[in-house]
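Colleague: My structure is below; once you've seen it, I'll send some questions.
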Amino acid sequence: FAYGFSPDRVERRPQWMYDDRCDVAVTTAAPTSLPDQKILLQKLLEERFGLVVHRYSYPSMVYYLVRGAKVNLTEATDSDSDDIPEFRTGLRQVGAFRPITFKHMSMSDLASWLYSPLQLPVLDKTGITGFFDIEIPRMSLRSSAESTIPAVRNALGLDLELHHGTAETLIIDHVEKPRAN
C-alpha cells in the first residue's frame with residue numbers, strides 16, 4: 001500500500017513476511033491526505049523495519065483502464081474521507097461468483113486491484129478523478145482476464161485494453177524482522 005504495489009508485485013520478501021503478521025498503527029496530529037499517508041508509512045517502514053527498496057521497470061504487456069461507451073460509477077458516499085479503500089465480498093465459498101464491493105476507491109486504486117485477476121499491470125487512463133463506491137455484481141476472486149474484462153465493462157462501463165508498455169515491480173533490498181514491543 002505504501003508504495004502503490006500489490007503484494008504479488010513485491011520481490012525478495014523474506015519468509016517471515018509470509019508467515020508473520022505485523023500491525024502498524026500511526027496517529028497524525030491533523031487529518032492527512034492519502035498521498036501524504038503513504039509517504040509517512042514509507043518513512044515508518046524505513047525506520048522501524050530498516051526497509052530499503054528499489055523499483056525495477058521492464059517491457060511488458062499492460063492493460064489500460066479506459067472509459068467505455070457508458071461509464072456507470074457512483075460517487076463515494078463518504079466524500080470527505082481519506083481512508084484506505086475498503087474491500088468486501090459476499091459469499092465465502094472459494095471460486096463462487098459473488099459481488100465484489102469497494103468503498104471510497106479511486107480509479108488508480110481500482111487499476112492496482114485489477115492486477116491480481118488480470119496478472120498484468122493495469123494503468124489508469126480514464127482521466128476520472130475522485131472516489132467511488134464500486135460494486136461488480138458477479139465476479140470470482142479467482143477470475144481470469146476472460147471473465148474480469150466483461151465483468152468490469154458490464155458493471156462500471158469501463159474497458160480494459162491490452163497494450164505494449166512498461167511494468168514495474170518493487171524489489172526489497174533489505175528488511176529486518178521487527179522485535180515485539
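Colleague: Conditions: (1) assigned to a loop (DSSP other than H, G, I, E, B); (2) farther than 19 Å from Asp124 by Cα. Glu46 meets all but one. Number of the miss?
Modeller: The number of the failed condition is (1).
Colleague: Has region 114-121 got at least one residue that is under 29 Å from Gly50 (Cβ atoms) and either of a type in the set (Ser, Thr, Tyr) or in a strand (DSSP E or B) (or both)?
Modeller: Pass one, region 114-121, residues under 29 Å from Gly50 (Cβ atoms): 115-116, 121.
Right, trim to either of a type in the set (Ser, Thr, Tyr) or in a strand (DSSP E or B) (or both) and you get 115-116.
Yes, some residue in region 114-121 is under 29 Å from Gly50 (Cβ atoms) and either of a type in the set (Ser, Thr, Tyr) or in a strand (DSSP E or B) (or both).
Colleague: Name the residue that is modelled with the lowest pLDDT, counting only residues in region 62-109 that are surrounded by fewer than 12 Cβ atoms within 10 Å (Cβ to Cβ) and assigned to a strand (DSSP E or B).
Modeller: In this case the residue turns out to be Arg88.
Colleague: Still on this structure, I have one more. For Arg9, are the conditions met, namely being of a type in the set (Lys, Arg) and open to solvent by less than 70 Å² (accessible area, probe 1.4 Å)?
Modeller: So Arg9 passes the test.
Colleague: Output the residues belonging to region 152-181 that are of a type in the set (A, V, I, L, M, F, W, C) and at pLDDT 90 or above.
Modeller: Once the filter is applied, which keeps residues that are of a type in the set (A, V, I, L, M, F, W, C) and at pLDDT 90 or above, region 152-181 yields Val152, Ala155, Leu156, Leu158, Leu160, Leu162, Leu170, Ile171, Ile172, Val175.
Colleague: Related question: Within region 27-47, work out how many residues are over 17 Å from Pro178 (Cβ atoms) and either of a type outside the set (Gly, Ala, Ser) or surrounded by 13 or more Cβ atoms within 10 Å (Cβ to Cβ) (or both).
Modeller: Our first condition is that a residue be over 17 Å from Pro178 (Cβ atoms); within region 27-47, this holds for 27-40.
This time we only want the ones that are either of a type outside the set (Gly, Ala, Ser) or surrounded by 13 or more Cβ atoms within 10 Å (Cβ to Cβ) (or both), so: 27-28, 31-32, 34-40.
Qualifying residue count for the region: 11.
Colleague: Yes or no: Arg55 modelled with pLDDT of 95 or more, charged (D, E, K, R) and over 23 Å from Thr148 (Cβ atoms)?
Modeller: yes
The values are calculated or read from the model by the stated rules, or taken from the named source; none is laboratory data. Remember, it's a predicted structure, so these values are computed and weren't measured experimentally. Every residue, glycine as well, gets a Cβ built from its backbone with ideal geometry; the counts of neighbours run over all protein chains shown. To get the accessible areas, we keep the full protein, side chains included, count just its heavy atoms, and leave off ligands, DNA and RNA. Shrake-Rupley method; radii C 1.70, N 1.55, O 1.52, S 1.80 Å.
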